[in-house]
Every structure is written in structure tokens, then in C-alpha cells.
Amino acid sequence: QVRVMESGGGLVEAGGSLRLSCAASGFTFRSYDMAWHREAPGNQRELVAVITSGHTTNYADSVKGRFTISRDNVKNTVYLQMNSLEPEDTAVYYCHAQYRTYGTDYWGKGTLVTVSS
């Protein structure tokens, strides 16, 4: 059974930090690009950060310098360290796994991050 499961969301004050985790199983994790997306109420889902199977990273301009994506291929887990959080970061954060060669992908069900002002 394929599983992609986020955890670590919650309520935090502006300027604070959270670390999200995404635990994966049921596929060859090390071969997949991993990403975090987010969706605020009434908004489209947007890409936040990517870490490829080759460990290359990329970030949305809005989070550069504040968020860090990383992966542990032994634990089959990807992380998103979020610092200097802003109310605009409030959203449901989703973990996404993608096998680029064949276009296979999997989505988690999301974890809610709420940043108070």
C-alpha cells in the first residue's frame, strides 16, 4: 500500500518556526522527486519547495531564505523546516512524490499550518 503522510502542522505565532515531516512507504522513495505544496482557502495549490532524487532544491520566491527542504532516504522521509513564519504562510501543506521518468505521482492528505498575527 502506497502511503504519503504529513505531520507537524499546528498553530504558531508570526516569527515562529515549525518543522513538517512527510513519511513515505510502498514505493522506491530514493527514486522520486519530493515536494511540498500548499493551498490557502479560496486559492490554488502552489508549489513551495522541491528536492529531487539527486538532492537538488528549489523554492518559491515567497519562502526563499525562510524555508528549507531536506530528505532522509534511509527513513523515507522528507522535511520542511519553516522559519520566520508569516500569516501569509497559513495553508494546508501537502507532500508530493513524483517519479519523473514515468510521470507516476502520489499525494498526501495534508497538514494544516496556521500562523497568527
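The values are calculated or read from the model by the stated rules, or taken from the named source; none is laboratory data. In this text the structure is predicted, and so the values were computed from the model without any measurement. Glycine also receives a Cβ, built like all others from the backbone with ideal geometry; neighbour counts cover every protein chain displayed. Side chains included, ligands, DNA and RNA excluded: accessible areas come from the protein's heavy atoms. Shrake-Rupley method; radii C 1.70, N 1.55, O 1.52, S 1.80 Å.
Charged side chains reduced to their Cβ positions (Lys and Arg at +1, Asp and Glu at -1) give the chain a dipole of some 440 debye around its Cα centre. The residues of region 41-117 expose on average 58 square angstrom of accessible surface per residue, using a 1.4 Å probe on protein heavy atoms. Each of ALA40 and LYS75 was given a label point 7 Å from its Cα along the Cα-to-Cβ line. The distance between the two points is 3.0 nm.
FRET efficiency for the TYR106 to GLU86 pair, using the beta carbon distance and R₀ = 25 Å, is estimated at 0.30. The shape of the chain can be summarised by an equivalent ellipsoid whose semi-axes, obtained from the alpha carbon gyration tensor, come to 24, 14, 13 Å from longest to shortest.
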